[in-house]
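Only one structure is covered here, and it is reproduced in the block below.
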Amino acid sequence: MKVLLDTCVWGGVKQALMSDGHDVVWTGDWEQDPGDDEILAIAHKENRVLITLDKDFGELAIVFGQPHSGIVRLVNMSTKQQGEVCKEVLARYETNLLNGALITAERDRVRVRE
């Protein structure tokens, strides 16, 4: 799966997902942060699922109708947990994400909005 990791996601998640065969770009590798609107637009243009800690992306998608290719928001977890949760969500909810779902993932709960 093609993934765009927001800067706020721990950089180690990139390698964890790549080791599972995902095509991953981390915005922390970019020279400058283009802002949320542009990050979401880039993810959509490149057909990448956006993974973030930031709830603003859901607002951009739902309230403002900005197109996207699926969004995963991680909530209340340590950096070490982020990689494992991302791997599990991408594996378990791949079809939902490919259909543009918004997923909120906590350590012990996942909510899917189609």
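Summary of computed values
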item	result
Nearest-20 debye value, the chain charge dipole, Cβ charges on Lys, Arg, Asp, Glu	460
Burial ranking of peptide ranges 75-82, 103-110 (average Cβ count within 10 Å, highest at the top)	103-110, 75-82
Loop-located GluC sites (Glu not before Pro) in region 1-86, at most 11 other Cβ atoms within 10 Å (DSSP)	Glu31
Residues Ile42 and Gln15, FRET efficiency given R0 of 25 Å [Cβ-Cβ distance, rounded to 0.05]	0.75
The chain: calculated mean residue ellipticity at 222 nm from DSSP helix runs of at least 4, using -39500 (n - 2.57)	-10500 deg cm²/dmol
In Hz, Karplus ³J(HN,Hα) per residue of region 35-48 (6.51, -1.76, 1.60; θ = phi - 60°; x = Gly, Pro)	x, 4, 4, 6, 4, 5, 5, 5, 4, 5, 4, 8, 6, 10
Cα gyration tensor, region 2-113 - rounded (a/c under 1.5), prolate or oblate	rounded
Furthest towards positive pole of dipole, Val3, Gln82, Val24, structure part the chain, Cβ charges	Gln82
Spatially close lysines, pair count over the chain: Cα under 18 Å, gap of eight or more or interchain	5
Modelled FRET efficiency - R0 25 Å, Glu88 with Cys8, Cβ distances, 0.05 increments	0.80
Chymotrypsin sites (Phe, Trp or Tyr not before Pro) within region 1-58, DSSP loop, no more than 13 other Cβ atoms inside 10 Å	Trp30
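Readers should treat all values here as calculations from the given coordinates under stated rules, not as data from a laboratory. Everything numeric here is computed off the predicted structure, so don't read it as measured data. Cβ atoms come from the backbone with ideal geometry, glycine included; neighbour counts cover every protein chain shown.
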